[in-house]
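J.: Here's a structure for you.
The values are calculated or read from the model by the stated rules, or taken from the named source; none is laboratory data. All of these numbers come straight from a predicted model, not from anything done at the bench. Backbone-built Cβ (ideal geometry, glycine too); neighbour counts: all protein chains shown. Ligands, DNA and RNA are excluded from the accessible area calculation, which covers all protein heavy atoms including side chains. Shrake-Rupley method; radii C 1.70, N 1.55, O 1.52, S 1.80 Å.
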Amino acid sequence: MSYAETQDEIIRAQLRSRPTASPRVASGAGAVAATPGPRPAVDARAAAASHPVRPAVAPSFAADADADLAAAVAAARRLRFVSEVEQITAAAGVTVEQVRGRGKGRELVEVRRIVAAYLRRRGCSLPEIGRVLNRDHTSVLNLLRTPARVTGLSEELAS
């Protein structure tokens, strides 16, 4: 028996097992009892065409392994730059927590810009830089587009 024939039989069995619903009509003065009319014939192939039945597929272990590998690569990539980010922030006289925090002081924003420029030159994407800085990727894009401020910090720290 082919796959299509098996699916047709499943659909026919489901159509046969459906209970017929009779409409309820309120009783009382002027109420008319409704009788269910003849049930329209349904072609199994037409039902299959209008509502395709997707077979249940067991999850493949290869997809899980690929997802695990991708997550491990992403985690390793984030960890690869941790020491460099710590060196940049230490040279600027602030901590990584301050750079990742909510502070909006000019010095902190400048350090964030330098870190973002450094990571971008090393090939990180905007969302990856955003995860390092605890920011959205659009905030990172704005940091990279903003010209350097005169704060005593030079972009040489990022190179």
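J.: Are any residues in the stretch 129-144 closer than 14 Å to Val96 by Cα, without any contact (Cβ under 8 Å) to a residue 24 or more places away in the chain and hydrophobic (A, V, I, L, M, F, W, C), and if so, which ones?
T.: Passing the criteria: only Ile129.
J.: Can you tell me which of Ala90, Ala70 is loosely packed, with under 12 Cβ neighbours inside 10 Å and modelled with pLDDT of 90 or more?
T.: On the way: Ala70 fails: modelled with pLDDT of 90 or more.
On inspection, the qualifying residue turns out to be Ala90.
J.: Of all residues in the stretch 98-117, which are over 13 Å from Arg131 (Cβ atoms), touching a helix residue (DSSP H, G or I) at 6+ places or on another chain (Cβ under 9 Å) and open to solvent by 70 Å² or more (accessible area, probe 1.4 Å)?
T.: Gln98, Glu107
J.: Another question, then. Could you check Leu108 against (1) free of Cβ contacts under 8 Å to residues at least 24 places away in the same chain; (2) farther than 16 Å from Asn142 by Cα and say which number it fails?
T.: (2)
J.: Where residues in the stretch 123-148 are surrounded by 14 or more Cβ atoms within 10 Å (Cβ to Cβ) and among the basic types (Lys, Arg), which of them is nearest to the chain's Cα centre (by Cα)?
T.: Looking at the filtered set, the residue picked out is Arg131.
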